[in-house]
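No value in this document is a laboratory result; all are computed from the given coordinates. Remember, it's a predicted structure, so these values are computed and weren't measured experimentally. Glycine also receives a Cβ, built like all others from the backbone with ideal geometry; neighbour counts cover every protein chain displayed.
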Amino acid sequence: MPRKIVAFSAGKANGNTETYIKIALEEARKMGCEVELIRLNSCDLRPCKACSNMPCMTKGPAGCILNDDGAWLAEKFLECDGFLLGSPVWALAPAGAVSDFRDRIFGPKTDVAGNELYGAPEWMKGRTQYRPGALISVGGALTENWTALGLPTLYTVTFSAQINIIDHMNVTAVADPGEALTRKDYVQRARYLGQNLAYAVKHPEID
C-alpha cells in the first residue's frame, strides 16, 4: 500500500501557494506516494472557543462543541504518512486559516511528549508515528522583511505532533495571479521539496 502525503493549503484555489504545493505533490506522486490536497479555505473550520472543560482533549476533535470540519481534518492528518502545509503571507504572517488549523487540530491534543509522559487518551492511542513534513510560505513582498513570520508561524503548527520538517520554501516577490509559474527558480525548488518529502516518507527508518 503506497504511503500517503496530505497537503493543507491556506491559499486561494489555484493561487500561487497552491501552484507550488501541486508541483511538490506531483513529484511525490511520481516517486510512488499517494497524494491529497485539502484547501483549508474551503473547509468549515471555526476559531477555538477555549472551553473550560476542554472536551476535545478527552474525546479528540470529534468531541468539540463546534460542529464543523475539525474532526474530519484531524482524521486526515492522523491518517497521513507525510505532511505538507502552505500559506500565503499577507502582512508578516500566514493567512488566519493557519492559526485556526493549528489551534483546533494540533496543540496539546496531539502533544506526543505529553501523551508519552501522562498517557494518551483513548482516541490517540496507537496513532502517533514518525511523520516527515515540509512547509511553503509565499509572500508578494520584494524582500523577506514583510514575510518574516511566514515560516516561523507555519512551524508552530508542527511542534506538538513532532512533525519532522525536512524541507521548507520561503518565497518572496510572487504576488500577481499566475506569477508562481513565471519563477522558474521557485518551480524547481518546489520540485526538490516534493522529492525530499517523498524520500523521507518512503524511508521512515532514516532519522
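A few points about this structure:
- Those helices (runs of 4 or more DSSP H) of the range 108-207 in which 2 or more residues are surrounded by 18 or more Cβ atoms within 10 Å (Cβ to Cβ) and in contact with a helix residue (DSSP H, G or I) (Cβ under 9 Å, 6 or more places away or on another chain) occupy 150-158, 184-202.
- Considering the conditions (1) within 13 Å of the chain's Cα centre (by Cα); (2) over 27 Å from HIS203 (Cα atoms), LEU84 is excluded by exactly one of them, (2).
- Residue within the range 36-43 that is under 23 Å from LEU193 (Cβ atoms), buried (at least 16 other Cβ atoms within 10 Å of the Cβ), out of contact with any Asp or Glu (no Cβ under 9 Å at 6 or more places or on another chain) and charged (D, E, K, R) present: no
- Here ALA62 clears all of (1) in contact (Cβ under 8 Å) with a residue 24 or more places away in the chain; (2) closer than 27 Å to ALA200 by Cα except the condition numbered (2).
- The range 48-78, residues that are touching a Lys or Arg at 6+ places or on another chain (Cβ under 8 Å), of a type outside the set (Asp, Glu) and not in a helix (DSSP H, G or I): CYS48, GLY60, CYS64, ILE65, LEU66
- Considered as a group, the residues in the range 44-56 that are farther than 18 Å from SER87 by Cα and of a type in the set (A, V, I, L, M) include one that is surrounded by the fewest Cβ atoms within 10 Å (Cβ to Cβ), and that residue is ALA50.
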